[in-house]
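Novice: I'd like to ask you about the structure that follows.
The values are calculated or read from the model by the stated rules, or taken from the named source; none is laboratory data. Given the structure is predicted, the values throughout are model-derived calculations rather than measurements. Glycine also receives a Cβ, built like all others from the backbone with ideal geometry; neighbour counts cover every protein chain displayed. Only protein heavy atoms, including side chains, enter the accessible area calculation; ligands, DNA and RNA are left aside. Shrake-Rupley method; radii C 1.70, N 1.55, O 1.52, S 1.80 Å.
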Amino acid sequence: MSAGGLAGRTAVLTGASRGLGAAMARELAARGASVVLLARSLPGLTAVAAEIADAGGSATAIPCDLGDPERVRDVAAAVVADHGPVDVLVNNAGTGWDLSTLETSDADVERVFRVNLFGAMALTRELGRSMVERGSGKVINVSSVGGLVGIPSLSVYGASKAAVAHWTKALAAEWARHGVTVNAVAPGLFLTEMNGDALADEDVRRRVLRDVPLRRFGDPEQLAEIVAFLASRSADYVTGQVLAVDGGMSSAL
């Protein structure tokens with residue numbers, strides 16, 4: 001692990017057991033941050049934490065369902081008690097699936113918003129208090145290209161991610177006077193464990209890439225580098241931004 005501007009900082013990441021979240025965790029740790037990894041899957045978290053430790057970094061794995069408000073409060077209190085005030089919070093955890101509006105139940109809507117928006121808001125409230133009190137901190141939310149443009153069969157997921165994007169801007173304005181920056185990234189199509197099976201078919205890959213001007217999938221490590229930039233002092237004058245990392249998809253649809 002090489003130093004990269006985040007030494008001495010504590011970063012909490014949700015949805016860190018695989019995919020984009022795991023890539024973000026590895027990058028922040030590589031830049032010197034002590035990372036606290038949250039997700040529902042303890043085995044996945046443990047594997048990522050071990051990988052970081054093997055590379056010389058510091059990582060702690062804590063299982064947490066963002067859809068459980070009581071668990072969120074307990075985990076936030078434990079993180080502060082064990083690690084002190086948090087410097088960086090990355091709200092990456094998300095859930096959603098392909099369903100048309102007519103196929104979507106009230107329970108589906110509630111579950112998606114409970115994790116994607118309400119859980120992120122709850123954790124940010126709990127960990128953000130100390131940021132506001134001491135006058136510094138970084139909150140980085142993960143929205144989606146689906147929250148910027150309309151994508152068929154992703155209406156509920158897209159609505160939740162659009163809410164994340166708007167909340168990012170509102171919270172940035174609210175906490176700016178306290179020295180806390182709040183930004184978001186909106187990923188497009190990235191190959192991860194979550195969508196690997198669906199995109200294994202060459203015809204499917206070719207079809208979905210028609211909407212991406214760069215005609216390729218994103219690299220999780222490159223998205224992680226952008227998150228690391230937003231977490232660094234280099235981004236101290238950047239707040240309230242929702243950065244689309246989507247190969248031009250949101251500009252073309």
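Novice: Over the Cα atoms of the range 128-253, what radius of gyration and what Dmax do you get, in Å?
Specialist: Cα radius of gyration and Dmax of the range 128-253 are 16.1, 53 Å respectively.
Novice: Work out how much length Asp54 to Ser100 would gain on full extension: take 0.36 nm times their residue separation and subtract the Cα-Cα distance, in nm to one decimal.
Specialist: Numbers: separation 46, 0.36 × 46 = 16.56 nm, distance 4.36 nm.
Length gained between Asp54 and Ser100: 12.2 nm.
Novice: With every protein chain left in place, what is the accessible area per residue of the range 151-192 in square angstrom, probe 1.4 Å? Don't jump to the answer; show the numbers that get you there.
Specialist: Values: 1610 Å² over 42 residues.
On a per-residue basis, the range 151-192 sits at 38 Å².
Novice: Normalising by the residue count of the chain, find the relative contact order in percent from Cα pairs under 8 Å and 6+ residues apart. Working shown, then result.
Specialist: Details: 520 pairs, mean separation 48.4, N = 253.
Computed over the chain, the figure is 19 percent.
Novice: Could you calculate the FRET efficiency of Glu70 with Asn195 from 1/(1 + (r/R0)^6), where r is the beta carbon distance between them and R0 is 30 Å, rounded to 0.05?
Specialist: Details: r = 31 Å, r/R0 = 1.03.
According to the calculation, E is roughly 0.45.
Novice: Which trypsin sites (Lys or Arg not before Pro) in the range 173-253 pass both tests, a DSSP loop state and at most 13 other beta-carbon atoms within 10 Å? Write out the running numbers ahead of the final one.
Specialist: On the way: sites: Arg177, Arg205, Arg206, Arg207, Arg210, Arg215, Arg216, Arg233; in loops: Arg210, Arg215, Arg216.
Those satisfying the criteria are Arg210, Arg215, Arg216.
Novice: Can you tell me the relative contact order of the range 1-151? Whole percent, Cα pairs under 8 Å, sequence separation 6 or more. Walk me through the numbers before you get to the answer.
Specialist: Details: 257 pairs, mean separation 34.7, N = 151.
Once divided by the residue count of the range 1-151, the mean separation gives 23 percent.
Novice: In angstroms, what radius of gyration and Dmax does the range 53-167 have, counting Cα atoms only?
Specialist: 15.9, 50
Novice: When averaged across all projection directions, what area in nm² does the alpha-carbon convex hull of the range 41-119 cover?
Specialist: 6.7
Novice: Tell me the accessible surface of Val48 in square angstrom (1.4 angstrom probe, heavy atoms of protein chains only), to the nearest ten.
Specialist: Using a 1.4 Å probe on the heavy atoms, I get roughly 10 Å².
Novice: Under 25 °C and 0.890 mPa s, how fast does the range 9-67 diffuse according to Stokes-Einstein, given a Kirkwood radius computed over C-alpha pairs? Answer in µm²/s, whole number. Let's see the in-between values first.
Specialist: Numbers: Rh = 10.6 Å.
D = 231 µm²/s.
Novice: Starting from the coordinates of the alpha-carbon atoms of the chain, obtain the Kirkwood hydrodynamic radius over all distinct pairs and give the value in Å to one decimal.
Specialist: Numbers: mean 1/r = 0.0549 Å⁻¹.
Hydrodynamic radius (Kirkwood, Cα pairs) of the chain is 18.2 Å.
Novice: Would you rank Asp108, Asp54 by solvent-accessible area, highest first, keeping every protein chain in place and using a 1.4 Å probe? Please report the intermediate quantities before stating the final value.
Specialist: On the way: Asp108 35, Asp54 135 Å².
Largest to smallest exposure gives the sequence Asp54, Asp108.
Novice: Under the √(5λ) rule applied to the eigenvalues of the Cα gyration tensor, what semi-axes describe the equivalent ellipsoid of the range 102-164? Give them in Å, descending. Don't skip to the answer; put the middle values down first.
Specialist: On the way: eigenvalues 160, 38, 5 Å².
Over the Cα atoms of the range 102-164, the ellipsoid semi-axes are 28, 14, 5 Å.
Novice: What do you get for GluC sites (Glu not before Pro) in the range 160-252 restricted to DSSP loop and a cutoff of at most 16 other Cβ within 10 Å of the site's Cβ?
Specialist: Numbers: sites: Glu174, Glu193, Glu202, Glu221, Glu225; in loops: Glu193.
Counting only loop positions with at most 16 other Cβ atoms within 10 Å, the GluC sites (Glu not before Pro) in the range 160-252 are Glu193.
Novice: Between Asp203 and His178, 0.36 nm times their residue separation minus their Cα-Cα distance comes to what?
Specialist: On the way: separation 25, 0.36 × 25 = 9.00 nm, distance 5.01 nm.
My answer for the length gained is 4.0 nm.
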